[in-house]
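Participant: Please read through the structure below; I'll follow up with questions.
Throughout, read-outs are computed from the coordinates displayed, never taken from laboratory work. Just so you know, these numbers come straight off a predicted model, no measurement behind them. Positions of Cβ are generated from backbone atoms using ideal geometry, with glycine treated the same way; all protein chains shown enter the neighbour counts.
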Amino acid sequence: MRVASGPALLSPFPEAVALRGATMPADARGHVRKLPSGKWQLRYYDKTGIKRTGGSFGSKTDALNHYRDVVEPELHGRPAARCDLTLQELADVFLERHAAVAKPRTIETLRGRLSRPLAAFGSVPLADLEGMTDEVAGFAATLPERYRYAVVSALRQTLETGVRYGYLTRNPAKLAGKNPQPPPRPVRIYTADELKRLAGELGTRGAAAIRFAAATGLRPGEWAELERRDVDRARRIVQVRGTKTYRSRREVPLTTAALAAIETLPPRIDSVYLFSSTRRGPFDVNNFRRREWGPAIEAASIEKPARIYDLRSTFASNALAAGLTTFELARIMGTSIGMIEAHYGTLIDTAHDAILARLDAVGGV
């Protein structure tokens with residue numbers, strides 16, 4: 001009897017070893033290995049005996065189930081196993097698992113963006129949905145322009161999770177075509193006089209909040225959840241924690257205006273929050289927008305549209321006028337240079353005098 005030798009004995013898949021010129025063995029099966037990222041990669045031999053790798057899965061079971069339900073039937077010329085999981089069920093799994101690393105606010109946003117796709121396709125099994133590229137493209141075309149990008153992005157993200165878990169072999173939302181971002185909204189800048197008038201129409205807490213927001217450039221969801229421990233008056237910085245994920249952090253300088261806004265707040269020891277609500281919790285931006293901001297805009301005769309988020313744009317405008325670079329501004333505002341240029345490109349153009357003054361200060365020969 002002849003004993004196999006050489007490379008065949010060194011194969012990591014002894015069950016799948018094929019002699020030269022032979023086709024895939026009948027007893028071949030899938031194997032997995034753990035990647036440095038913590039994901040699991042599927043490994044198997046194709047019909048010709050060539051080793052294949054592909055996909056990354058959240059668990060070893062998911063990878064082996066994908067081999068059993070999708071790859072193995074294909075290798076043997078059988079239709080892939082049908083997945084009866086619906087889009088609604090996949091969305092529930094995705095949001096539940098994503099909540100382990102994302103902030104509750106992010107999950108709430110994703111849930112809201114998925115409401116329209118789920119209303120249209122929530123009860124559709126994934127096995128049917130992956131062949132409905134045309135229907136998904138038609139659905140996307142019906143969405144309002146301002147919301148299309150966000151809604152389709154959420155759907156793409158959810159379906160891509162299904163691909164990673166082995167529930168889908170392709171993502172119909174990606175195959176439906178490009179998902180371009182809408183053009184940025186026109187930048188709205190509040191003047192110093194407008195901010196003064198607005199603050200005069202608001203209570204102490206609301207006035208301090210908008211003055212602080214315009215002086216730091218924080219997002220509404222960021223300054224609303226600041227705690228007193230986040231403010232370091234000695235170093236003149238505020239620590240912004242968990243903007244989008246639990247681990248995200250950045251330090252934002254506290255200008256004289258920002259510190260002055262904080263000083264107007266009455267002292268409180270019954271709440272950890274800087275702009276605490278009457279119930280000791282974080283500042284309720286939605287409630288403030290409806291009950292105080294809107295009426296204050298009317299009373300102060302501020303030109304509309306006038307959003308709370310425009311306080312962030314006001315900071316960006318003032319920072320660029322003061323000569324901050326796009327890199328510095330991106331670090332402070334917790335975003336990318338690309339986003340700064342996309343949203344505030346016109347402001348960068350108007351910062352010519354400040355940029356020229358800084359270049360002249362460098363000197364030359």
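Participant: Determine the distance separating the Cα centre of segment 284-316 from the Cα centre of segment 133-183; give it in Å without decimals.
Facilitator: 33
Participant: Could you order peptides 57-63, 231-237, 155-161, 208-214 by the average number of other Cβ atoms within 10 Å of their residues, highest first?
Facilitator: The packing order, highest mean first, is 208-214, 155-161, 57-63, 231-237.
Participant: Something else now. Can you give the net charge of the other residues whose Cβ lies under 13 Å from the Cβ of I210, counting K and R as +1 and D and E as -1?
Facilitator: Surrounding charge for I210 is +3.
Participant: Here is a further query. Where a ≥ b ≥ c are the square roots of the eigenvalues of the C-alpha gyration tensor, would you call segment 87-175 rounded, which needs a/c under 1.5, or, failing that, prolate if a/b is larger than b/c, or oblate?
Facilitator: Note, shape of segment 87-175 comes out oblate.
Participant: Turning to a different aspect of this structure: Sorted by packing (mean other beta-carbon atoms within 10 Å per residue), highest first, where do 121-131, 283-293 land?
Facilitator: Put in order of decreasing packing, that is 121-131, 283-293.
Participant: Compute the signed sum of charges (Lys and Arg +1, Asp and Glu -1) over the other residues within less than 13 Å, Cβ to Cβ, of R312. Could you put the intermediate results ahead of the total?
Facilitator: On the way: positive: R185, R188, R219, R307; negative: E222, D310.
Once all neighbours under 13 Å are counted, the net charge is +2.
Participant: Shifting gears a bit: For I262, what is the net charge nearby, where nearby means another residue's Cβ is under 10 Å from its Cβ and Lys, Arg count +1, Asp, Glu -1? Mind dumping the intermediate values first?
Facilitator: On the way: positive: R211, R228, R233; negative: E263.
Net charge in that neighbourhood comes out at +2.
Participant: I'd like the Karplus ³J(HN,Hα) series for segment 128-139: coefficients 6.51, -1.76, 1.60, θ = phi - 60°, whole numbers in Hz, and an x wherever there's a Gly or Pro.
Facilitator: Working through the residues one at a time gives 7, 5, 5, x, 10, 4, 5, 5, 5, 5, x, 4 Hz.
Participant: Hey, can you grab everything whose amide H is under 5 Å from the amide H of T86? Only 5+ residues off in sequence or another chain; H modelled, so Pro and N-termini drop out.
Facilitator: Under 5 Å from the amide H of T86 lie the amide H atoms of L126, each far enough along the sequence or on another chain.
Participant: Show me the ranking of peptides 108-117, 175-184 by mean Cβ neighbours inside 10 Å, starting with the highest. Intermediate results must be reported in sequence, preceding the final value.
Facilitator: On the way: 108-117: 17.0, 175-184: 12.2.
By packing density, highest mean first, the sequence is 108-117, 175-184.
Participant: Just need log10 I(q)/I(0) for segment 192-299 at q = 0.20, 0.21 Å⁻¹, Debye formula, equal scatterers on the alpha-carbon atoms, no solvent, rounded to two decimals.
Facilitator: -1.10, -1.21
Participant: Rounding to the nearest 20 debye, state how big the charge dipole of segment 69-212 is about its Cα centre with +1 on each Lys and Arg Cβ and -1 on each Asp and Glu Cβ. Write out the running numbers ahead of the final one.
Facilitator: Details: 21 positive and 17 negative charges, 193 e Å.
Dipole about the Cα centre, nearest 20: 920 debye.
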